[in-house]
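Below: the structure, in structure tokens.
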Amino acid sequence: MFESLFNFDTDPFEQFRRLESEVGQLHGHSPWPAGIRAVQRGTFPPINVGATPERIDVYLFAAGLDSKSLDVSIQQNLLTISGSRRIDAEEKAEYYRRERFDGDFRRVITLPEDVDPERVDAKYRDGVLQITVQRREAARPRQITVS
Amino acid sequence: MTLKQDMGMPETTATVKGTRGSEAALIPAVDIFEDSHQITVQAEMPGVSKDKLNVQAERNGLLIEGEMQIDLPAGTTALYADLHTTRYRRSFVLSGELETERIEASLKDGLLTVRIPKRVEYRTRRIKVSTA
């Protein structure tokens, strides 16, 4: 069930685009135009966005956050998540690796236009911030019965 | 340096072929530090709960594995994805002065902390230098 959020295997063209863009990134450019707010691969924190006809779910993967430091705001269909994570260095220890992100972060995501900015929920669990935005009724596909 | 070899790549969100079969896995970002008594590994594994976490210590190796579990409504399709898999894996080579039988691990908000104590005879002792 999780697979649907983590890959685009259902669409062979998407797979091809991904391969193309991954190859492009190896050479420092992408053959496809990037979103104006798109960020470099590997930017903290990584995000996945899933959609159903009823709602949009945004998942932000960031371990050990203080939820008080998080600022989530939505303007029409533009979702902004910012926050900070400070990692206090152990003073008497000698470091071999420091890969964990330390500092302020901000990510901006353009959601589909039919989202309802009045109905947004956010929760933080196991290091994942999940933001659920409901979509407007009118935009949902409706089954029309033929009599 | 005690954790001599790191079998993963330093990139946090890169997917690579796992050691087992062709399973792709995320490589958790880690901080590793040593004090006079122990070595501490802190690994980021957001989405992993205690029951989906596997920390294995052997005589000369430490393996960290986890499976992400998130609330996903039925019928979800991906609009955008930085992460392409739900598995985490990373391993390290340990050396003999570490007490692998006494490793402690704790998990909070997706952050795994593993503490590996050093054998008593290897703990650092400060040697006082006196001047004549």
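The values are calculated or read from the model by the stated rules, or taken from the named source; none is laboratory data. These figures come from a predicted structure and were not determined experimentally. Quick reminder, even Gly has a Cβ in these numbers, built from the backbone with ideal geometry, and neighbours come from all protein chains shown.
Just to confirm my filter: which strands (runs of 3 or more DSSP E) fall fully inside the stretch B:1-88 and include at least 1 residues that are buried (at least 16 other Cβ atoms within 10 Å of the Cβ), at pLDDT 90 or above and under 15 Å from the mean Cα position of the chain (by Cα)?
By residue number, B:24-26, B:30-34, B:38-44, B:48-57, B:61-68.
Out of the residues in the stretch A:46-91 meeting the condition of being assigned to a strand (DSSP E or B) and hydroxyl-bearing (Ser, Thr, Tyr), tell me which one is nearest to B:Met45 (Cα to Cα).
For the stretch A:46-91, the residue satisfying everything is A:Tyr59.
A quick yes/no check of all residues on (1) farther than 27 Å from A:Thr43 by Cβ; (2) in contact (Cβ under 8 Å) with a residue 12 or more places away in the chain; (3) over 15 Å from the mean Cα position of the chain (by Cα):
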residue	(1), (2), (3)
A:Val108	no, yes, no
A:Pro112	no, yes, no
A:Asp116	yes, yes, yes
A:Ala122	no, yes, no
A:Gly127	no, yes, no
A:Ile131	no, yes, no
A:Thr145	yes, no, yes
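Among the listed residues A:Ile144, A:Ile131, which satisfies the condition of being β-branched (Val, Ile, Thr) and buried (at least 16 other Cβ atoms within 10 Å of the Cβ)?
Values: A:Ile144 fails: buried (at least 16 other Cβ atoms within 10 Å of the Cβ).
Residue meeting the stated conditions: A:Ile131.
Among B:Glu58, B:Glu67, B:Glu99, which is the only one that is free of Cβ contacts under 8 Å to residues at least 24 places away in the same chain and either away from chain A (no Cβ under 14 Å) or farther than 23 Å from A:Glu99 by Cβ (or both)? Working first, answer last.
Working: B:Glu58 fails: free of Cβ contacts under 8 Å to residues at least 24 places away in the same chain; B:Glu67 fails: either away from chain A (no Cβ under 14 Å) or farther than 23 Å from A:Glu99 by Cβ (or both).
Just a single option satisfies the conditions, and that option is B:Glu99.
Give the stretch A:65-85 a look and list any residue that's free of Cβ contacts under 8 Å to residues at least 40 places away in the same chain, surrounded by 14 or more Cβ atoms within 10 Å (Cβ to Cβ) and within 17 Å of the chain's Cα centre (by Cα), or say none.
Scanning the stretch A:65-85 gives A:Leu78, A:Thr80, A:Ser82, A:Gly83, A:Ser84.
Just give me the residues in the stretch A:92-147 being among the basic types (Lys, Arg), closer than 18 Å to B:Asp82 by Cβ and either in a strand (DSSP E or B) or not assigned by TED's automatic domain parsing to the domain that holds A:Tyr59 (or both), in sequence order.
A:Arg106, A:Arg107
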